[in-house]
Each structure stands twice: as structure tokens, then as C-alpha cells.
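Below you'll find the structure, written out as C-alpha cells, and then a few comments.
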């Protein structure tokens, strides 16, 4: 270490000469990120992100201090110091505002409304949230910051520059390595400084707007209705996320994860399909086929086929899309584009794909459903898109549903894997509650509800892996729950259809034909409708080969664990 003494002293010297400047910047640039982590993370994740965030903030602040060394003029140095501290203080105040009201700093979901608003809306927003108080408080902070900037021109004295240099160099190296590590990964907003969060967020939002606009232009949907029997009040599609049926108690799992659905099954209220798979193991690819007439045998691109939402609108239904999923980002743009074709589109939180955190639970959709039931009493087609069992599993359920523990998982040996599976089981338990509550809201109406998951999840069954991957799928990634619930009034008035449903529960089915089943249940026909693709229709083709991500499903089933 001594041979590098020539380097330690200059590094330490920069820190000592800019000590007050760097400390003030650290206060402004680290504290809101730390607050954000405390709000949106749990457990050890809070502390690891605090460390990561501090190292990143220190690197940025040190570099700003080092740049000041190159400013020779005292006057220019004062201007540079004042501008940097003023801007840091301004961003600090703005993030405190968003954290106080929205529990989040500058992330795409916060920046999106800013880019989409106009001066009049901005003024109303300013007044609604006590803008004068925040303006006064912010002004005080900024004045203090500018006053502090006069001290930041001073340095502290030190006789051990080499020792300080080693310590500072360690932080700088850690910051550089962390930056390199994150270079090719998804943005980690909670470890950035405010200006980084703001810059990355606005860039992502602008890119997303372009993608969505292009997707909207590419969709070609003009359905022709050939049959329409408008006598059903509500047709509801509940779309879950990453939920495989293997761990659902209602599917005879050893884990009692679905007590409410099991109760409904025992009362004969739900029709449980036991041999249903998804056509893909990624949400985007599944969405393409779930909501259009596109399937793996199709010869055209998915967006050249008519969409389910457009068919239901053409048939005279009010189309309502309520989602707890992200509204944009790597996984959110396609569902959002299709959702926005609905008459009513409500995203519970304007959140991007990179903002998954603890909270925003699926039960928050329930009052939204209640409100829409009041506003739209007749002929509705609903899509209710849940977060379900989306990873990080621990973030998907409130504390009172953390009933399964690592000790309940006896077939795995490693404690970490046991905890992962236990968390996944808790997501299913919570999902059981949410789905049950949704069903109950339609009990007094003439309604039919279809619940399924977009795809499943693998959890260490055949290898050291949890999650899903399109490149190497397994049966657990595609074996999904699929059930149909009929209200008492629907059963009474559609007895023939209910009989067809009851007779179809053992049929092998793949959900790229879902649109045909939905239309069949709704008594709607189009030029694209094919009765052999509706699982509830007597003409259903039970011999259709099921191809998952270009792999025969029978081959996936044959793979030994």
C-alpha cells in the first residue's frame, strides 16, 4: 500500500479541501434515497440499498468536489458552488414533496404526469397539495443551502492525508464497481442520487411514450359481429400473475393455500379445470394471445387480429380494465396499450416495470370495482389484472397473510429456498382472499367470471432455479389454474351453458384460445369465432396439440424431476 502513497495524498487532499461542500451535497443527495428505501423496502434489503446508495452518492459528490478543483477563479468557484448546492437542494425539496405524498422519489411513474400535464393542471395540483407551504419551506431550505455554500469554500485541516486518501479511495472504488455492475442491469432507482433518478426516469418515460404510440398505430382491429344475445350483465376476466396450480390447495396441494376457493368448490359454485396450460411463460407473449384471435398456428402477427376488448365494445358492452400491474416499462407497455382501448381504464398505481416494491396490494382494486359497479350497472365486460404471485414474492401480500414459514417446507433443504417457497405460498393464500372478494361482488348479478393466471412458476422442483424463462421452460411454468364461476342468476337463466361448462372441466386446454371461450360464454359470435377452440363448447377439439414456446407440452411433462 505504501507504494501508492503518491496517489493517496491527492485523493485525500481533494476530500479535505472540499469537505463541507461534499458533506452538504451528501445530505441532499443521499437522504431522500434513504427515505425512499425505508418507505418501499423491507428487511435486510433496506440496509443493503442504503449502503449501495451512500457509496453511489459519495462518488457523485466527490467528483463534483474534484471538478471544483479545476476552477481557478474564486468568483467562478463561488458561482459553481452555489449553483450545484442550489440545484441539489431544489431536487431534495421536490423529492421530499413526492415522498411525503406518494411515498416515492423521482421514478418513471412520478415523472410521467409531469411530462403530460399543462400549466393549468400544474397550478391546480400546486394549490391542492398546499403548494404555498411547500414553497415557503423549500425556500428556507434553499436559502440555508446557499448560506452553507459560503462555508463549503473552506477546508478542514488534516495531517493524515494519506490515511484519509485510502479511506476515500476505497469508497470511490466501491462506487465505480457498483456503477459498472449496474450498467447492464435494470435501473435501481433507490440507490441513485436525485438528478440520476430524474434523468433516467424522464428518458424511460419518453422512450415508453414512443413505444406505446407505435404499438397503438400497429394494432388493426375491426370485428364483425355475427351473433349477439345481450342478456348477461357482467362478463369478468380475472387475470392472475405467475401462479402455478401445483401449490393451490383447491388443486389438492398439500399446502392449504386456498381455503376460500375450496369452500366454493365444495358448494359447487366454481368449475375447476385441471388440465389447462399457458401458451408461453412470459406475460407479454401470453397477453398477445389471451386478448386476440392470435394463436401458435396463426400466419399473421398478433396485432393483425381482432382484439377481445374491441369485440366486446362492438357487441354493446361497457369495457372496463382495472389493473394493479405496471402501466408502462419493459413488461407494462403492451397490456397498457390493449387496456387503453377499453371504455374505462384504471391503473391502481401509475408504476413502471422497474418499481416493484412492498405494498400496492391487490385488494386495493376492490373499492375501484365497487365504484365501477355503481357507475356501470348494465352489460359490462371486465378485465381485472392482478399482481398475484409476481416476484418478489415477499412484496405481494400484507403481513397478516405471512402464515407459511420456512419450517412448513420440508422437501427442500436450504433455508433460503424454503423461505422463497414459503413466501410464494403466502402469495397464493392472499390471492385466494382477493379472488373470493371479487367473486362475491357479482353474486347478486347475472354474471360469469373466468379466473386464470398468465403463466406459472418453477420453484426448485427439478433444478436450482425459481421463476420462469422462455428459453428453457418447464411444465411448472405453464400449468396454471383455470376456473369458471357462475352467479346464481346466471345458472338459473343459462342452464344449458352451465351444463356445458360442467361437462368440460377435464378437457385439455391451452389459453391461446381464451377469446373463443369468453365469447362463447357471452353468447357472442364473430367472423373469427371458432367453436372448436372454445373449451366449453361441445364441438371443442380435444385433440389439438399444445405447443409451448415451440415445444410440445407432452415433452415437458415427460421430463423427470
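Brief remarks on what is shown
- Of all residues assigned to the stretch 395-414, none qualifies as being touching a strand residue (DSSP E or B) at 6+ places or on another chain (Cβ under 6 Å) and surrounded by 23 or more Cβ atoms within 10 Å (Cβ to Cβ).
- Scanning the stretch 429-449 for residues that are out of contact with any helix residue (DSSP H, G or I) (no Cβ under 6 Å at 6 or more places or on another chain), assigned to a helix (DSSP H, G or I) and crowded, with 16+ Cβ neighbours inside 10 Å returns 431, 433, 435, 438, 439.
- Conditions (1) touching a strand residue (DSSP E or B) at 6+ places or on another chain (Cβ under 7 Å); (2) closer than 26 Å to residue 312 by Cα; (3) at pLDDT 95 or above: number failed by residue 546: (2)
- In the stretch 536-549 there is at least one residue matching the filter, namely being in the same structural domain as residue 297 (by the TED database), in contact with a helix residue (DSSP H, G or I) (Cβ under 9 Å, 6 or more places away or on another chain), crowded, with 16+ Cβ neighbours inside 10 Å and closer than 21 Å to residue 232 by Cα.
- Subset of the stretch 518-532 that is under 21 Å from residue 221 (Cα atoms) and free of Cβ contacts under 8 Å to residues at least 40 places away in the same chain - its residue that is surrounded by the fewest Cβ atoms within 10 Å (Cβ to Cβ): 531
- Breaking point among (1) free of Cβ contacts under 8 Å to residues at least 24 places away in the same chain; (2) surrounded by fewer than 16 Cβ atoms within 10 Å (Cβ to Cβ), for residue 262: (2)
- Checked against (1) surrounded by 15 or more Cβ atoms within 10 Å (Cβ to Cβ); (2) modelled with pLDDT under 80, residue 65 passes all but condition (2).
The values are calculated or read from the model by the stated rules, or taken from the named source; none is laboratory data. The shown structure was predicted, so the numbers you read here are calculated from the model rather than taken from an experiment. Cβ: placed from backbone, ideal geometry, glycine included. Neighbour counts: every protein chain shown.
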